[in-house]
Each structure stands twice: as structure tokens, then as C-alpha cells.
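Participant: Dumping the structure here so I can ask a few things about it.
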Amino acid sequence: MPTCRISSSLLRKLIGDVTPELLEEAVFNLKGEMRVSGKDYELELTSDRPDMMCASGLARAVKGYLGVEKGEPKYVAADTDFTVRVDVSSLSGIRPYCDFLVVKGVKADAEVIGDILAYQEKLHSTLSAGRVKFAIGVHDYSRLQSHALVYQARDPSQIVFTPLNGDAPMNANNILTSTDKGVEYAHLLKGCAKYPVFATEEGEVLSMPPIINAKLTQVSENTTDFIVDVTGTDRRLTHAACEMVAYNICEYGGALCRPAITGLKVVPRRKFRLSVGGVNRLLGTSFTAKDVVENLSKSRLDAAAAGGAVHVNVPGYRVDLIDDVDLVEDVAVMAGYNGFTPERPSLATIGGVQPSTRLASAARNSLASLGFVEFNSLLLTSENQPPNPFPEIGYVRVSNPYSKELNRLRAWLYPGLLWIVFRNQTKPKPLQVYEVGAVAYVSCGEYVQAVHAAAAISANTADSLTVEKLFNSFCRDTGYRAEFENIHVPSFIRGRSAYLKSGGSAAGFIGEVDPSVLVEMGIDYPVALFEVELHKMAFKGLTLT
Amino acid sequence: MSAGVTETEAMVLKALGGGGEFSLDDLCEATRLPVASVSSAVEGLWSKGLLQRSESKLYEVRLTERGEKLGKLPEDVLYEYVGEGVPIDAAKTGSGLSPDDFKAGVAWGLRRGMLRLTTSDSGRILTKSAQKRDLSEAFDKLREKGRLVFDEVPHEYMDLKARQIVEVREASSVRVRLAQGVSVHEVLKTRVHTALTHRDITAGSYSRFTLPPYAFGSSEATAALRGKRHFYKEFISTVREILVSMGFEEMLGPYMEYEFWNFDALFVPQNHTAREEHDSYAVSSDVRLGPRPSREAALRVGRAHEKGWGYRWDAVAAGRLVLRSHTTAVSARRLAEKPTAPFKYFTIDRNFRRDAIDQTHLPDFDQCEGIVGGPSLTFRNLLGFLEALASSLGITKLRFKPSYFPFTEPSVEGYAYHGELGWIEVAPGGVFRPEVTRPLGIKFPVLAWGIGVTRLAMVYYGLTDIRELITQDLDAVVSKEEASAKVAHM
């Protein structure tokens, strides 16, 4: 879950007086967790609500939950003389989508600016997956001579400006190779003949998305008027991110203006028609249309009841609202999950387990009663194991292991048992250990999943007779029928091992482990063991049995 | 006098019954018991005041290594060999003695007056003088007995000690006799048996003795060497049993999975971070996996993505193989089989995540997952299932938190209250989104939930490190309480 750090004093300024307990409850019900950390709150939030990952965004949601403010906030729509011309044809295949909003009259201070800039970076790293899907620029427009803006892709040599934190104009290629952000994000423009640039028609550059902003329009604690530009490769998220940032700035008292954009279709607001009966059928409740409207308004949505349905007009920043059910959840959340009476339906179904589970259970009981102690191991194992007793069987390997030690699924249980014997050499003898569990391997190019049982005995002497007696008891307990084939099994002592066949096909092996294998693993005592395939799974339809 | 003598004590008493003093060796011989049993019986009888014990200092004489090698004393060998006279040089080679023994034999033979050395024309002649058997007899006796014990060591042995043929050690000796006024006959009536034997029962002698009381809890009895099932696997079996009792049927799916079932069918967009290389394991083996999703299902899933997420869905990406990251993939497969409503299915099985192994993470871990499908099922029904499950596991306080999963809406996280740990997450769940059910051909609500079995097992067993569930230490497995007992005690 994404985390963020929010100043507690800033949050109090935005929400008003609220006890930490009440705040924590509100955050809990908004799917988050909150911890006090010095003067800040540390928050963990679910990824569906990126609009809440800053002080002002969280404050908007909390105020709704507490009923302090309801419905979609009415950020005063002021007029603006800003225009944006989008040169769509130049941007195709580079960063074709963009959106722009202007916020003016904000009373900012250092803390507010800090919140806005941190939010921008939070969105870049989470929702945008590292500026891939969109890149945000927040600018102080008071320095601009012209209010006629243009977004287009230009030849890198024609892009020259002083980047943020720079002290002289540079061209686009220099920015990519010699600024920190340039180096960090250059890969996003790799292969592009032209680079996107956001500028005025007079040639004043605001930014070169998704790399860096210009120094010219850098925001400071004295900034009151902002332009938010978002450019990207994902149309829906580009539009949503622009609203998220601009709306969250507006929470600090700004007025929102939409510049006239030419060359690009405006993403329309989404409208839902929510059937009240549908809400109640999904939740098992008996809400009236009024209840639904009230709860949606606490979720900061404008809703109106008409003819047994509720009409909801959804702002773009709520990226989580895709289907009716998403609005139903909002209703349920605001009504309070813990206010619902849990109700267990009486469905007449018959329970049961798979045959492989029953067999595993019989095998586990048998081996435990024969004096073996059970172990539980990971399915992921390493290459560093004794030789494969069935060389025709392949392993299920992963191409991107987290650590080299764990790069394939186990096809056998016995290597794990040998490591356990190694770890417990100093314990009283005889040492008897077993595991019953799943294995997976490749046979004739097909994926195979099976349940195996393996048991090992280690003592001053651990010979074939001893292990065969135990195996015979195991077979009697589990109804397992096996024939011995006295053929040498790799990694066992020659003449003192056998393959096991069950129902005519190879099913396992038994015998005394070769001392050279033991010495290699650092085991000082003889080990005899057996391993059998109890059950090979097969697809019946799309699931296994 | 304390009551009751044991079987071995009785045997020792009988031996002492004839009167007189006995050493432990004497008693071993008389009772045919090993010395350890005899000394513990003597200790017991003495503590009961039934015998008198005297301890004295003794000397034990044994042959040295050199003494063991000698069959006879060298001077005896020479005495017989030289007879009426042999030149000394001839005797040196002819007597069969080693040069050292020959030297010693000549020296001691002369010193003890057994041999005589004369000088004649033909050189120095060794002849026998007088036979002396004192040392030889002492030597022979020791050879025969192996060891001899004396209050005071006879001078013969001191001489042999000086010659390093024997060694003398100090030893303390216990000698015992019956205490004054003890009647063996009376004491034997109080004989105590320490254990009931087969013979006691068949011979009917059990009625004639009493077994000594055994103080439970005071001995140092440790756990026996034994077999045992693993506590965590048993915990999972217990959860499985609870689910079956609630009418859930087990479903299983493959560990290696198409991205389609692991992600696409669950409405996880193809550009979601969970699908990237750093989160899920990509399979590199050249391998086929069972039947592929139907073309119809694939198309519908793709359309749901394009409508809901607004991007162009790629069927090739959906066909890539990964190690499944959650058991919800099994639920998706089961739903695609269009089971008849109403139904309840569950699975408890492994999943894989690219994580370092640490106190709270394992790269493969178990999830318990259930789905309930049928017309007219509601979100309140889901809460009802979570509550019933929690209560079967001994959890009485449960609260619900709104949550987020890409494939359910509404989504919930069930928190259980634990006396020491406070509220802990145990049961996530939700109602499958229509984008999940509709493309698979399911037209009614499907409730889905999970139980954090691993987390619960850790809470039940008071474990703070998840690695304890995959311990390789025998004692850690053997020492754990049975899982069903743990749940019953919760």
C-alpha cells in the first residue's frame, strides 16, 4: 500500500478541530491506517484513491466522512484569459495526451507548497509508475509575459531553456545528459526524434515533459497563481491527474479556471444512473433514494434522486469509479460497514476435500505413527541439490528469481529432507523425518503437479532393510501398491537402491544414500530414505483434481 | 526403619543373611547381580538402617603391561635353562629372552642366589645355584587372578613393583554386614517391587507386594523420541475441516499459471505494477499448461478491460506464464467452469511473491480462499460468512474495514481482536466485480473471501518470525502443541 507523510498542523488547519482518535477512525474507514510520527502523520492508503495522498486531498475526504462538508466541492469557477494550443500531429507516438487547469488566488505558505510538490512526486511514483503514464508540472504563471500557451513536440535543438535548479540556458540534449532529472528520466524519451515542450507562443518555456520544468515558472511560498499541466501516454489518467493536483490546490482556497484548449477533445464528466433497488440487492440493505444520495454526498459526490434511481455526476479525479458497484461501495462505506448486521445465508451445499488431500492426510498419519517427524518447506528451491533421480523430468524455472538460491519449483522432496538431516545431526538417533507435499515438474513438455511423500532415517547404521520395513508399513497404512525395480538410482549406493513402480509407471525410489552425496552435504551419518508420488494431478475442466 | 525393600535389596539381604562381612565383590558373586545394582542396593539398605557398612583402605595389585608380557620371571627361565652350566654368551642367545630380560634375569638370579657366575678357561659360565620360588609363586598367583587386593601389600609384590612387573593402586573398600537385630525374614515380608512384571501376574505374586509410589511431576522425564505431524500443516488441516463443516468443497489449481487467470480474468489491468517483473515470478521453462481459456471468455475479459480501464487489451500478454501470486486465480478458473448455483468452494494452497525472506515475508506462502455463489447473495451475507469463520476459529471480536482489491467491490478487511496484539487483519473479502463474473458467464453475485492462515497460525502459536513455520529444527517441531488443541484453547 502506498504511504505518505502529512503535517498534522496542516491537516488541522484544513479540517478544523478534530481529535486524533476521530481522525484515525475516519482514515480507517477510508481504507487507510494512520500513525502519529512526531509532528506528522504517517499514512498508509490503498492504491485506488490517489486523490487522497496529500493533506488537502485527505482533508476533503475526511470532512465528507465526518459530515462537515458534503457533495463535490464548489471551487469557484473564475474566468481566465489563458489559452492552450495543442499541436496534436507533432505529439503522436510521443506523449499525445495532455490537460491543463489554472488555479488562482491561493494563500500559500511553505507548508502548503511542500504538500503540493510532495503530492506531485507521490503521483509520479505510484499512479504514473515513474512518470511513464503521465507527468505533472505545477507552475507560477505570474512570471509569464504571454498567456497563450502551446504544447507541441519540437526538434531537441530548438528547445533551449534554463531548467529548474540550473543557472544558464541549456538545450534539450544537454538537459538529458547533464541534469539529475534528465539522466533519471531520459529513457522515457528514448527513440523520439522530437521532444515535447510546454511554452508560450512568445517562446517562454514552462517545461519539457516528462523530464523537467523551467526555472522561469518555479513555484515558491509566495506563489498565488498556478498552472497545472499534465502530459502523458494514458488519456484517462492524464486527465484525472490534472484534476487531482488542481483540485487539491483549490482546497487551499483557490479558484479553478479551465483554459480554452484547442486541438484536443475535452474528457467529459462521467454520469451514472444508480438503481436504488440494485444498491439494496448488492448490499442486503433497505436504503431509500434519500439515504443513497446522502451517503454519496458524504463521499463528496453530487447525486440526485429521480424516479427510483440516483443520478451521479462524477469528477475525473475519482479514478476508482468505473462501474455502479464502485458507487455502491461508497454508499456502504459512508453508511459504515460496522453498522451492517452480518447475515449468514443458509445455502444447502455439501462440503468435501479433494482425493489428493485425503491421501496426503493418510500418508502424514502413517509416517508420524512410524516415528517420523514432519517438516514444512518452501516450494521454491535452488539448483544446488543432489542429482535428479529421474533425468527425463525437467524443472519449472523462473527467469527473474529474487535470490539465486530460489529459482525453481521443487520436483522432489528428498533433497529438503537431506538438508533437515544435516541440520539435526547432533540430535538423538535414529533421526526420522518426513514431508508430504506438493511438487511440480515438466514431463514431456507438460506441466505436472503432484503430491509426494518422502521419509528419511539417519542413525549410526541406516540400511536398506530398515527403510524397507518402514516403507512396507507405510504401504499397508496408505494402501499404496509398489513394486521394486532393483536398478541403480543416481545419488544412492550402488546395489542398495531401487526404483518404485506403481500401477506400471515410475513412482519413486528407495535406498541408502551414497556417502559421497552425504559428505558433499556435510552429513556424517548414514541416511536411508524413500520418496513416492502419492497422487498425480490432472485437469478436470479448468481446475485440478 | 523405613518400610519396603526392593527386589535387588532383597537379594542382597538374603546373601547377608548367613552372617559375616562381605565385600561388594562377594555380594556380586552371591547374588549374580552386576556391581552397579549391588552398590545401589547396598546404598538403599544402608539408608534404611538394615546394614552396617565399614570402609577401609586397600591396595589393589595388577600386572603392568610389561608384567602381562612375561610368562615367567626371567630368572626362573634362566634357572631352568642353564642347568649345570652354560657359557654366558651362549645363554644370551639360547635362553630365548630379550636382551633386556636376559640382563634382568642374570642380575636378579645372582641377587636372589638362584644363579652363580664362575670364570673358567672357556670364559664366564652361568650355573644354577638354589631354587627360590617366593617371587615366582606371587607372580603366578597374580597372573592367574588378574588382580589381588590386600590390606597390606606383601614384600614379594613390592619387589615386583620395584621391577615394574606389577603396579599397586590404593582403593577404598566397602564391607558390609547385617545390622544388629535385623531379621532378614521379617524384612523380606516388606519387599517392594518397583515394577509390575509379566511373571508377577502369571504367578499371582502381585497380591503379595506393593509397588512404590511414583511422584508424578518430580522426575526429569523429558519428551519421548517420537514421530509428529507438523503444527502448521495441522493448523491448515483444522481450518480445512472447519470449511468442509460449513459446506465448502475443495478446489485446486496449478502453481504455474497463465497471467490470464492470475490477473486478466480478475480485472487487474495489464499495466498494473503487480504484473511487473519485480513483483511476480516469470516462468522461463519451455512448458505447456493444461487447457487454455476459451476464446469466448478471453474476448469478453479483454472487452471488460478495454471498457473499464480504457486501454488496448493484449491477448499475448495474458498468455504469459507466471508462478501464481494468489489463490484467487483458482477461484477464477472455477468460476469459468460455470458451476451450478448455489455453490461454496475453497482452497488452501501456496502462492509466490518476489520478496526477500525476512521476519514477515516468505517467497511462497499459503492463502485460504473461498467463494460463495448464488442468486440473491449480498454484501451482508459476506460479512456473515466472515463472522462465522472467525467464530469457528475462536475469534469473538471482529470488525470490518473498507478495503480495496482490484477484483472485488465492495471490498472489506476483517480485523480480529487479540488480547496482546490488538486488532489484527485476518479476513479480506468482497463481492466479485461484474467485470470479473460476467465475462466468465456468471450472472449472479459471487462472494469471495480469504483467511490469513499464516498470520493466524503465527498468532495462535505466539510466533513473531514467519520463518519459524519452515523451521528445519527438529525440536522446534516436536515441542509444539497440537493445532486442534490450540484452536480449542483460543
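Participant: With every atom except the alpha carbons ignored, what do you get for Rg and Dmax of the protein assembly as shown, in angstroms?
Facilitator: Over the protein assembly as shown's Cα set, Rg and Dmax evaluate to 44.7, 155 Å.
Participant: If packing is taken as the average number of other Cβ atoms within 10 Å across a peptide's residues, how do A:322-329, B:31-38 rank, most packed first? Mind showing how you got there, number by number?
Facilitator: Working: A:322-329: 22.2, B:31-38: 14.8.
Order by mean packing, descending: A:322-329, B:31-38.
Participant: Here's a follow-up. Based on DSSP, what percent of beta bridges with both residues in chain A are antiparallel, to the nearest 5? Don't jump to the answer; show the numbers that get you there.
Facilitator: Details: 94 of 104 bridges.
The antiparallel fraction comes to roughly 90 percent.
Participant: Would segment A:3-66 count as rounded, prolate or oblate if I go by the C-alpha gyration tensor, calling it rounded below 1.5 in a/c and otherwise prolate when a/b exceeds b/c, oblate otherwise? Can you show the working numbers first?
Facilitator: On the way: a/c = 1.34, a/b = 1.15, b/c = 1.17.
Rounded is the answer for segment A:3-66, as its axis ratio a/c remains below 1.5.
Participant: Give the distance, in whole Å, between the Cα centre of segment A:448-522 and the Cα centre of segment A:346-364.
Facilitator: If you average the Cα positions of each part, the centres end up 28 Å apart.
Participant: Please give the helix A:324-335 orientation as an angle from the longest Cα principal axis of chain A, in degrees from 0 to 90, rounded to the nearest 10.
Facilitator: 80
Participant: Just subtract the alpha-carbon distance of B:ARG399 and B:HIS418 from 0.36 nm times their residue separation and send over the number in nm, one decimal.
Facilitator: 5.6 nm
Participant: Next question. Please check chain B for the longest run free of GluC sites (Glu not before Pro) that are loop-located per DSSP (anything but H, G, I, E, B) and have at most 16 other Cβ atoms within 10 Å.
Facilitator: Longest site-free region, per DSSP loop and neighbour criteria: B:338-419.
Participant: Mind checking the dipole of the protein assembly as shown: about its Cα centre, +1 per Lys or Arg Cβ, -1 per Asp or Glu Cβ, Debye to the nearest 20?
Facilitator: Values: 119 positive and 126 negative charges, 377 e Å.
That gives a dipole near 1820 debye.
Participant: Also: At 7 Å along the Cα-to-beta-carbon direction for both B:THR340 and B:LEU188, put a label point, then send me their distance in nm to one decimal.
Facilitator: Between B:THR340 and B:LEU188, the simple spin-label model gives 8.4 nm.
Participant: Follow-up. If you restrict to DSSP beta bridges whose two residues both lie in chain B, what percentage is antiparallel, to the nearest 5? Please list the in-between numbers first.
Facilitator: Working: 65 of 69 bridges.
So the antiparallel bridges in chain B amount to around 95 percent.
Participant: Here is a further query. Would you be so kind as to identify which of B:LEU50, B:PRO269, A:VAL442 lies farthest towards the positive end of the dipole of the protein assembly as shown, taking Lys and Arg as +1 and Asp and Glu as -1 on Cβ and the Cα centre as origin?
Facilitator: Result: A:VAL442.
Participant: What does the net charge come to around A:TYR195 if you take all other residues with beta carbon closer than 10 Å to its beta carbon, with K and R at +1 and D and E at -1? Please report the intermediate quantities before stating the final value.
Facilitator: Details: positive: A:ARG95, A:ARG154, A:LYS194; negative: A:ASP155.
Within the 10 Å Cβ shell, the charges total +2.
Participant: Using R₀ = 41 Å, calculate the FRET efficiency as 1/(1 + (r/R₀)^6) where r is the Cβ-Cβ separation of B:ALA485 and A:VAL519; round to 0.05.
Facilitator: Values: r = 42 Å, r/R0 = 1.01.
With a Förster radius of 41 Å, E is 0.50.
Participant: Looking only at other chains, what is the average number of their beta-carbon atoms within 10 angstrom of each beta-carbon in B:472-482? Each step should come with its number before you reach the end.
Facilitator: Numbers: counts 12, 5, 12, 3, 1, 7, 3, 0, 0, 0, 0.
Average neighbour count from other chains, rounded to a whole number: 4.
Participant: Also, I was wondering about something else. Any chance you could run the full-extension gain for A:ARG494 through A:ASP477? It's 0.36 nm times the residue separation minus the Cα-Cα distance, nm to one decimal.
Facilitator: Working: separation 17, 0.36 × 17 = 6.12 nm, distance 2.91 nm.
Contour length minus the Cα-Cα distance gives 3.2 nm.
Participant: Can I ask one more? Which whole number in µm²/s is D for segment A:83-262 by Stokes-Einstein, with the Kirkwood Rh taken over Cα pairs at 37 °C and 0.692 mPa s? Don't skip to the end; give the middle numbers.
Facilitator: Details: Rh = 16.0 Å.
For these conditions, the coefficient is 205 µm²/s.
Participant: Taking every Cα atom in segment B:57-143, find the radius of gyration and the maximum pairwise distance Dmax, and write them in Å.
Facilitator: Over segment B:57-143's Cα set, Rg and Dmax evaluate to 14.2, 57 Å.
Participant: Quick check for you: which residues of segment A:237-270 have the amide N under 15 Å from the point 7 Å beyond the Cα of A:LYS74 toward its beta carbon?
Facilitator: Once the point is set 7 Å along Cα→Cβ of A:LYS74, A:255-256 turn out to lie under 15 Å by backbone N, inside segment A:237-270.
Participant: Mind sorting A:HIS311, A:HIS452 by how few other Cβ atoms lie within 10 Å of their own Cβ, fewest first?
Facilitator: On the way: A:HIS311 15, A:HIS452 24.
The order, fewest Cβ neighbours first, is A:HIS311, A:HIS452.
Participant: Counting DSSP beta bridges with both partners in segment A:355-543, what percentage is antiparallel, nearest 5? Walk me through the numbers on the way to the answer.
Facilitator: Working: 42 of 44 bridges.
That works out to approximately 95 percent antiparallel.
Participant: Partner chain Cβ atoms within 10 Å, averaged over the residues of B:283-296 - can you pull that number for me? Walk me through the numbers on the way to the answer.
Facilitator: Values: counts 8, 8, 12, 4, 12, 5, 5, 11, 3, 1, 1, 1, 0, 0.
Mean shielding by partner chains, rounded to a whole number: 5.
Participant: Label point 7 Å out from B:GLU60 along Cα-to-Cβ: which residues of segment B:163-184 have amide N under 19 Å?
Facilitator: Only B:165-176 fall inside the zone, counting backbone N under 19 Å.
Participant: Highest first, please rank the peptides A:51-63, A:113-125, A:409-421 by the mean number of other Cβ atoms sitting within 10 Å of their residues. If you can, show how the numbers build up before the last one.
Facilitator: Numbers: A:51-63: 25.6, A:113-125: 19.2, A:409-421: 23.7.
Peptide ranking by packing, descending: A:51-63, A:409-421, A:113-125.
Participant: Quick one: check the C-alpha center-to-center distance for segment B:106-177 versus segment A:109-147, whole angstrom.
Facilitator: 111
Participant: For the ranges A:35-44, B:10-19, what's the packing order if you count other beta-carbon atoms within 10 Å of each residue, average per peptide, and put the highest first?
Facilitator: Numbers: A:35-44: 14.4, B:10-19: 18.3.
With the highest mean Cβ count within 10 Å placed first, the list reads B:10-19, A:35-44.
Participant: Considering every residue in B:461-470, what mean count of other chain Cβ atoms within 10 Å of its Cβ is obtained?
Facilitator: On the way: counts 0, 0, 0, 0, 0, 0, 0, 0, 2, 5.
For this peptide, the per-residue mean of nearby foreign Cβ atoms is 1.
Participant: If you don't mind, another one. Run lengths n ≥ 4 of DSSP H only: what is the helix-derived mean residue ellipticity at 222 nm for chain B, with -39500 (n - 2.57) per run over all residues, to the nearest 500? Don't skip to the answer; put the middle values down first.
Facilitator: Working: 21 runs with 182 residues, N = 490.
Taken over chain B, the calculation gives -10500 deg cm²/dmol.
Participant: Next question. Over what distance in Å are the Cα centres of segment B:357-385 and segment A:1-21 separated?
Facilitator: So the two Cα centres are separated by 32 Å.
Any read-out appearing in this document is the output of simple, stated calculations on the displayed coordinates, not a laboratory observation. Source: prediction; values computed, not measured. No Cβ is skipped: glycine too gets one built from the backbone with ideal geometry, and neighbour counts run over all protein chains shown.
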